[in-house]
Amino acid sequence: MTVQRMCDLGGVSRAGFYRFDPEVQALDPDLDLRDQIQRIALEFPSYGRLRITRELKRRGHKEVGHRRVGRIMREDNLLCLRRRKFRVITTDSNHPLRVYPNLAASMELTGIDQLWIADITYIRLELEFIYLAVVLDAFSRRVIGWALDRHLEDDLAIGAIKMALHRRKPVPGLTHHSDRGVQYASNDYTGLLKEHGIRISMSRKGNPYDNATCESFMKTLKYEEVYRQEYQDIADARRCIEQFLEKIYNGKRLHSALDYLPPVEFERSLSVAASTSQSKSETT
């Protein structure tokens, strides 16, 4: 078969035929983008296409869209980690202590240190369970207090709230919301809140949605940190969880509720906006 005949059948010109070098392969136009997506997925295994798209834009890929990111993730089999649930009861609301009404449900938040939310979860080690108590700022989603121990006594929750109080030093009027567990209803815990002028709010009976933000955080903690690790002991767990809470969750992880900013950066943006507004007021 002549070259001309092959060109006719292939629909190419003779010049094009002779220019073609079979040793040279076309470069993947998504090569750099694919590399960045893989790096982000390795750092944040539970990120979906929307969060990865936002993180790419923060790293300089301004024009990339979530459909393109989703296609590359499917091609590279970048699936989020999932693990079978193992449930341990951490809330004991069958106690004679005072239960407080739900004040948080009617609040409209406009800034930080207006509403703190608290919860406790378990972490399974090879030979034992340990427990983590956390306090979050409901507006910025930032973890502001936490404590890890082998027991579920009220000292665990008290350790977390003391850390939050030390870090934030809130003015009286703040609301603290939790479930009805005995740790949060204990006289020592509620007494500490009252001592600092903090209003006490608790979820309604049998209504898990009243503390949904904390529940969402606990799910993130399990999928993005706990289920990825095999802690040697409680000391190892404490080191890893501190790294996740302080460096990754607070400092790096993008939150859709915060316009895809990490909590620390979101709080910083609030401070900048407040300073700018004050400066404008003073000049007018």
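Miscellaneous remarks
- Among the residues making up segment 257-284, those that are modelled with pLDDT of 90 or more and of a type in the set (S, T, Y) are Y260, S269.
- Candidate set: segment 141-154, residues that are outside any loop (DSSP other than H, G, I, E, B) and acidic (D, E); chosen: the one nearest to E128 (Cα to Cα): D149
- Filtering segment 150-165 to residues that are in contact (Cβ under 8 Å) with a residue 40 or more places away in the chain and over 22 Å from the mean Cα position of the chain (by Cα) leaves R150, L152.
- In segment 155-185, the residues that are part of a helix (DSSP H, G or I), among the charged types (D, E, K, R) and out of contact with any Gly (no Cβ under 9 Å at 6 or more places or on another chain): D155
- Among the residues making up segment 77-102, those that are surrounded by 13 or more Cβ atoms within 10 Å (Cβ to Cβ) and modelled with pLDDT of 70 or more are L78, L97, V99, Y100, N102.
- Positions within segment 35-63 being outside any helix (DSSP H, G or I) and surrounded by fewer than 20 Cβ atoms within 10 Å (Cβ to Cβ), in sequence order: F44, P45, S46, G48, R59, G60, H61, K62, E63
- Residues in segment 186-236 that are assigned to a strand (DSSP E or B) and either at pLDDT below 90 or among the hydroxyl-bearing types (S, T, Y) (or both): S201 alone.
- Taken over segment 60-76, residues that are among the small types (G, A, S) and within 14 Å of P29 (Cα to Cα) amount to 0.
- Residue ID - farthest from the chain's Cα centre (by Cα), chosen from residues in segment 106-136 that are buried (at least 21 other Cβ atoms within 10 Å of the Cβ) and free of Cβ contacts under 8 Å to residues at least 60 places away in the same chain: A133
The values are calculated or read from the model by the stated rules, or taken from the named source; none is laboratory data. Just so it is clear, the model here is predicted, and its values are computed rather than measured. Heads up, the Cβs are rebuilt from the backbone with ideal geometry, glycines too, and the neighbour counts pull from every protein chain shown.
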